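Following: one structure in structure tokens, then a few remarks.
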Amino acid sequence: MMSQWQAPFRGDKPISATLTIPGSKSVTNRALVLAALAKTPSTLIRPLHSRDTELMIKALKALGVEISVASSESDATIQVNPKKLIGPAAIDVGNAGTVMRFLLPVAALAQGLIHFDGDPRSHERPVGPLIKALIDLGVSIEHGGRFALPLTINGSGEITGGAVEVDASNSSQFLSALLLSAPAMSNGLEVRHVGERLPSLPHIEMTINLLEAFGAEVSYKENLWKVTGSLTGKTMIIEPDLSNAAPFMAAVMVCGGELIIRDWPLKTNQPGDRLREIFTKMGATIDFVESGLRIKGNGVVHGVDIDLHDEGELTPVIAALAALADSPSNLTGIGHLRLHETDRLTALKTELELLGGKVTESPDSLLIEPRPLHSGIFHTYEDHRLATAGALLGLKVPGIEVENIETTRKTLPNFVELWSTLLR
């Protein structure tokens, strides 16, 4: 039986706090891959230390990359010394999309047999289009005809590259995976997305910006990306994970008060940066101050009609916030979330309705009509973003117990400690 965490209840008592949000998982894991494929060493400053990044580091080490992690009073750092990639190796992806996808092409660049496996949910999460693209590039992959994990790559030590197609409509990570490894392919790579609308475009932009920061050349035209050049190691400061700021910002909106998020970047392509626009529409007052981003709330939350196709990871917290609003909300463009850590649309409908809410679920959207909520268990389905949504509800609804709050360790290992700091 999974543990249950009594979510702190706060009611209308205002919040006054300043928080530092740990580094971005998306940036950390992309930077780790690029550093491992570079020609010279790299130093990553203020990276995220979480289950997903630990799995990435362990996997790259298994392939022969030298990585050391150090902490000081001021900053944590990761030193990456690239080496020739070799097998045999066994890679545990956990339930980390970045690990199960980004490392498939990396493993194909290694010499030897590389076996991939992970949590039971990893066997259900889509990787088929990426597997097909790698096979089209000449990579030998044994997947038992399932086009899914578990699988074994028989790496030849190189990928020639050239041109390839991929349908990344279910996950932009298929495209990012190919782009990240493209500079290590002898002829570079030209990738064409074939399929419906790409989700999570900010994550594609993040991949491109990081490739360019490490020295690659990237061009784009009408669903066609071309990557040439090689990678050079660098020293990089990792931005705070803006998506992980969502529950803390939302807490100020439902309870009232003021919060400052330290070091919020003035310019970024993280999807979480759109929280400034979304939460303003929902009733917050948000501005930049000297130490970071300041958000003020008065305890009144407004419903919103919004397309979250490019920012799907924000949906669970926004849905919880919508359940506490003064009018209905319609969250659209989120059908691809059914393929994330869990089917997030069905999970949110189920859990909100178990607490007395009203949610209408369609293939691609959630219509949330606020109702008085009551105590109960908020199940998380081993999904870190469901867990933070449950914590948010508990601020305004007495007696909410969140199942398996420890799942937040996937991207925010000190969530409970930060939540306590927020509420002091």
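The values are calculated or read from the model by the stated rules, or taken from the named source; none is laboratory data. Keep in mind that this is a model prediction, so the values were computed, not measured. Here the Cβ positions follow ideal geometry from the backbone for every residue, glycine too, while neighbour counts run over all protein chains shown.
State all residues of region 336-361 that are of a type in the set (A, V, I, L, M, F, W, C) and either at pLDDT 95 or above or closer than 22 Å to residue 396 by Cβ (or both); if no residue qualifies, say none. 345, 347, 348, 352, 354, 355, 359 - these are the residues of region 336-361 that are of a type in the set (A, V, I, L, M, F, W, C) and either at pLDDT 95 or above or closer than 22 Å to residue 396 by Cβ (or both).
Counted as qualifying within region 316-379 are no strands (runs of 3 or more DSSP E), as none has 3 or more residues that are surrounded by fewer than 16 Cβ atoms within 10 Å (Cβ to Cβ) and under 22 Å from the mean Cα position of the chain (by Cα). Of all the listed residues (376, 333, 394), the sole one being of a type in the set (Gly, Ala, Ser), at pLDDT 95 or above and touching an Asp or Glu at 6+ places or on another chain (Cβ under 6 Å) is 333.
The residue pairs whose first member lies in region 51-63 and is more than 10 Å from residue 92 (Cα to Cα), whose second member is of a type in the set (Lys, Arg), and whose beta carbons are closer than 9 Å, counting only pairs six or more residues apart or on different chains, are 51/409; 51/410; 52/25; 52/410; 53/25; 63/83.
With respect to (1) of a type outside the set (A, V, I, L, M); (2) under 20 Å from residue 333 (Cα atoms); (3) surrounded by fewer than 22 Cβ atoms within 10 Å (Cβ to Cβ), the lone exception for residue 199 is condition (3). For region 300-313, does any single residue satisfy the condition of being out of contact with any strand residue (DSSP E or B) (no Cβ under 9 Å at 6 or more places or on another chain), outside any loop (DSSP other than H, G, I, E, B), in the same structural domain as residue 393 (by TED's automatic domain parsing) and crowded, with 16+ Cβ neighbours inside 10 Å? Yes, some residue in region 300-313 is out of contact with any strand residue (DSSP E or B) (no Cβ under 9 Å at 6 or more places or on another chain), outside any loop (DSSP other than H, G, I, E, B), in the same structural domain as residue 393 (by TED's automatic domain parsing) and crowded, with 16+ Cβ neighbours inside 10 Å.
Exactly one residue among 306, 318, 295, 368 is of a type in the set (Val, Ile, Thr), over 30 Å from residue 18 (Cβ atoms) and touching a Ser or Thr at 6+ places or on another chain (Cβ under 8 Å), and that residue is 368. At least 3 residues being among the polar types (S, T, N, Q) and touching a Pro at 6+ places or on another chain (Cβ under 9 Å) is the threshold, and among the strands (runs of 3 or more DSSP E) wholly inside region 12-99 those reaching it are 76-81.
Report, by residue number, each residue of region 164-185 that is in a helix (DSSP H, G or I) and touching a Lys or Arg at 6+ places or on another chain (Cβ under 9 Å). Within region 164-185, 173, 174, 176, 177, 180, 182 qualify.
Starting from residues that are crowded, with 21+ Cβ neighbours inside 10 Å and polar (S, T, N, Q), keep the ones in region 1-47 and report whichever is nearest to residue 213 (Cα to Cα). By that ranking, first place goes to 42.
Here's the yes/no breakdown for (1) among the aromatic types (Phe, Trp, Tyr); (2) under 20 Å from residue 84 (Cα atoms); (3) over 25 Å from the mean Cα position of the chain (by Cα); (4) surrounded by 19 or more Cβ atoms within 10 Å (Cβ to Cβ):
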residue: 117; (1), (2), (3), (4): no, no, no, no
residue: 122; (1), (2), (3), (4): no, no, no, yes
residue: 125; (1), (2), (3), (4): no, no, no, yes
residue: 129; (1), (2), (3), (4): no, no, no, yes
residue: 132; (1), (2), (3), (4): no, no, no, no
residue: 140; (1), (2), (3), (4): no, yes, yes, no
residue: 147; (1), (2), (3), (4): yes, no, no, no
residue: 151; (1), (2), (3), (4): no, no, no, yes
residue: 155; (1), (2), (3), (4): no, yes, yes, yes
